Structure formats: structure tokens, C-alpha cells
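The next block holds one structure in the form of C-alpha cells; read it before the comments.
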């Protein structure tokens with residue numbers, strides 16, 4: 001199976017299945033000398049972990065990470081870093097009834113046609129469970145980027161179903177189960193999710209991620225554009241169906257006099273470009289929004305076919321997130337971190353000695369998602 005790796009110089013390869021004994025990743029290309037232990041990685045895994053509230057899947061996974069290689073006496077050695085996360089609470093029997101049929105909205109049907117064999121337990125390799133390994137790798141990139149450039153990546157939920165979530169403060173994101181930057185809307189979100197869970201249905205969400213402290217010059221002007229690689233990475237997250245950089249689709253209604261971010265000695269006048277121009281970072285915050293589709297595993301009976309092509313009805317039982325977007329914020333952060341880390345190393349390799357006399361400008365540090 002191809003397509004299990006991301007990155008060029010900072011290359012991450014994931015392995016494992018939803019109901020296998022374990023999952024993990026191998027990170028190749030991490031610079032040597034980075035102080036690293038499991039406590040640098042665990043906080044991000046804890047944020048993504050299932051079973052943390054009544055609004056997400058009740059699968060109880062501790063998601064404790066083990067560093068198997070690539071670290072000696074607390075520092076990276078430059079050799080491959082292997083990270084392992086054990087699966088502790090898989091219930092494979094929940095999937096026995098659907099092993100001979102295809103769940104609507106899932107990867108079951110195309111996966112079966114492509115490989116001729118599939119693991120139906122929790123979606124196997126196509127499960128969002130595998131994003132735990134991505135988050136672990138992202139935590140390594142997070143520490144290196146912070147130390148090298150002061151880069152900070154953070155995200156939040158900006159919309160749940162029909163409910164828009166006005167931005168108040170980044171400080172509120174970690175105080176609720178929704179990663180919402182707003183305290184007053186939490187009761188409405190909780191009631192919404194409770195009604196949804198009782199109905200056995202699901203809903204989508206919109207997330208916003210930004211990176212501040214990004215150096216100027218990351219990315220290439222053609223096929224390895226920074227924004228193109230970010231979009232590629234974000235679309236690699238399970239259930240993501242749309243990606244916007246900066247103003248995104250809102251630029252359709254903007255005139256050039258508004259959308260083009262003016263430059264002054266004091267800095268950029270705006271950041272509609274989302275911190276990327278011509279595929280290269282400008283030094284402004286890199287801003288990304290993603291659309292996450294409704295969870296496909298729902299209790300509502302739906303029409304499908306079995307392995308023989310005969311009609312059947314599917315009702316997915318077991319433990320599932322009624323909104324996968326609730327736990328996706330750390331995943332989106334990790335994907336942005338991996339792309340920035342890879343491009344930072346690539347830029348350093350080719351252009352690390354480049355110096356210009358033009359001063360760096362930044363401008364407004366936009367903190368609110370654009371709807």
C-alpha cells in the first residue's frame with residue numbers, strides 16, 4: 001500500500017490499524033540534538049484522545065506514547081524516531097454485522113475494489129484512529145519549530161453544524177470539550193450534541209488553524225508551494241472535504257483593491273493571503289480553515305449493498321463520534337506542523353545562507369477565523 005508517508009526532509013510514515021495491537025509512526029530527518037521525551041508528545045495526544053467527554057466516542061484509549069528509537073540520553077540522534085501507541089480498548093465484535101456489506105459514506109466500497117481485501121473492524125487502515133500517530137509526530141515538529149523560530153501553531157472550532165462560534169479568546173479553547181474559543185456558546189453546543197446523539201445522527205464542523213512566528217521564505221513557487229502542501233496535508237485528514245487558505249472562498253466576492261494585502265514600512269495592511277504569496281510564506285500568520293464532514297458511522301438505518309451486490313440496510317452500532325470535528329483540532333494542528341517543519345528544513349538546506357537588506361515586516365496578527 002502506497003501513500004503512508006508525508007514530507008521530504010522531515011518524513012513521517014505511519015503504520016497500524018484501528019483494531020490492531022498497536023499503531024505508530026517513524027520520523028526520519030529530525031535534526032539531532034533536540035531535547036525530546038514522551039512528556040513533549042503526550043499532551044497533544046491527550047487533547048486528541050477519545051472518551052474525554054460525552055460528546056465523543058466512548059472508546060477508552062490511554063494513548064500513551066513510547067519512544068522506541070532515535071533518542072539517546074534525552075536528545076534526538078538524527079536517526080529514525082519510532083513512536084508506538086498501543087490499542088487498549090478495541091471491540092471488534094461491534095463490526096461483525098457489517099463485514100459482508102458496505103457502510104454508506106465510508107471507504108469500505110472503494111477500498112474493497114482497490115485491494116480485494118479489507119479489515120472491517122473500525123475501518124482498519126482507513127480509520128481516524130490512525131491520526132493519533134500523526135499527532136505524535138506533529139508534537140515533535142512543534143517543539144523543534146518553537147525552539148528554532150518561535151513558531152506557534154494553534155487551532156479552534158469555528159462552526160458546529162449550523163452554529164457559528166464567534167471568536168473571543170485563544171485562552172478559552174482548552175477550557176471546553178469543543179475546542180471552542182468562546183465560553184457563552186458552550187451550553188448551546190452541548191444541547192445540540194445531546195439532541196444529535198439521541199437521534200443517532202451526526203454533523204460536520206469547521207475548524208480554524210493558524211501558525212505564528214513563521215519565517216519568510218518557506219515553500220517553492222511551483223509544484224511544492226507551501227499552501228499546496230498544506231492543502232494536501234489537510235485533505236489527508238479523515239473526513240476533511242474542504243480547505244481554505246487565508247480568505248479562501250471569500251476572495252470570490254473581494255475586489256483586488258481589498259484582497260491584495262498592502263505593504264507599508266509598518267507592515268502588511270491585512271492578511272487575506274493567509275501568510276502565503278506565490279507559494280512562499282510571507283512571515284505573517286499562516287491561516288487555514290477546514291471543513292469536516294458528518295460522521296458516516298450512525299445508528300440511522302441506511303440503504304447499501306452486500307458483497308454480492310444485493311440490497312441491504314446498514315445500521316452502524318458501536319462507539320463513534322457524532323461529530324469527528326470535535327477531536328480534529330489537534331490533528332489539523334499536527335498536519336500544519338508537519339508541513340512547516342518539512343519546508344523549514346528544505347529552506348535551510350537550499351537558502352539558509354541567503355541574506356537581503358530589505359527589512360522583514362509583519363503587520364496585523366489576525367487571530368479570528370474568517371467565515
Worksheet item: Within region 40-56, which residues are out of contact with any strand residue (DSSP E or B) (no Cβ under 7 Å at 6 or more places or on another chain) and assigned to a helix (DSSP H, G or I)?
Response: 40, 43, 44, 46, 47, 48
Practice prompt. Those residues that are touching a helix residue (DSSP H, G or I) at 6+ places or on another chain (Cβ under 6 Å) and touching a residue at least 24 places away in the same chain (Cβ under 8 Å), I need them from region 111-121; list them, please.
Written response: 120, 121
Discussion item. Just the residues that are part of a loop (DSSP other than H, G, I, E, B), modelled with pLDDT of 95 or more and either under 22 Å from residue 169 (Cα atoms) or within 25 Å of the chain's Cα centre (by Cα) (or both), please, taken from region 337-371.
Written reply: none
Worksheet item: How many of the residues making up region 19-39 are part of a loop (DSSP other than H, G, I, E, B) and without any contact (Cβ under 8 Å) to a residue 60 or more places away in the chain?
Response: 3
Worksheet item: Could we say that residue 192 is closer than 30 Å to residue 280 by Cβ and touching a residue at least 24 places away in the same chain (Cβ under 8 Å) here?
Response: no
Response to the item:
Flagged in region 199-212 as outside any loop (DSSP other than H, G, I, E, B) and at pLDDT below 95, in numbering order, are 199
Discussion item. On the basis of being at pLDDT 90 or above and buried (at least 21 other Cβ atoms within 10 Å of the Cβ), does residue 309 make the cut?
Written reply: no
Worksheet entry | Test: residue 142 is touching a helix residue (DSSP H, G or I) at 6+ places or on another chain (Cβ under 6 Å) and without any contact (Cβ under 8 Å) to a residue 40 or more places away in the chain | no
Worksheet item: If a residue has to be over 30 Å from residue 8 (Cα atoms) and either surrounded by 12 or more Cβ atoms within 10 Å (Cβ to Cβ) or touching a strand residue (DSSP E or B) at 6+ places or on another chain (Cβ under 7 Å) (or both) to count, how many in region 229-261 make the cut?
Response: 7
Discussion item. Need the failing condition index for residue 220 against (1) free of Cβ contacts under 8 Å to residues at least 12 places away in the same chain; (2) surrounded by 17 or more Cβ atoms within 10 Å (Cβ to Cβ), just the number.
Written reply: (1)
Practice prompt. Collect the residues in region 107-123 that are under 24 Å from the mean Cα position of the chain (by Cα) and within 22 Å of residue 309 (Cβ to Cβ), keeping them in residue-number order.
Written response: 107, 108, 110, 111, 119, 120, 123
Practice prompt. Could you list all residues from region 245-263 that are under 25 Å from residue 152 (Cβ atoms) and out of contact with any helix residue (DSSP H, G or I) (no Cβ under 8 Å at 6 or more places or on another chain)?
Written response: 246, 248, 250, 261, 263
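The values are calculated or read from the model by the stated rules, or taken from the named source; none is laboratory data. All of these numbers come straight from a predicted model, not from anything done at the bench. When we count neighbours, we look across all protein chains shown, and the Cβ atoms used for this are built from the backbone with ideal geometry, even at glycine.
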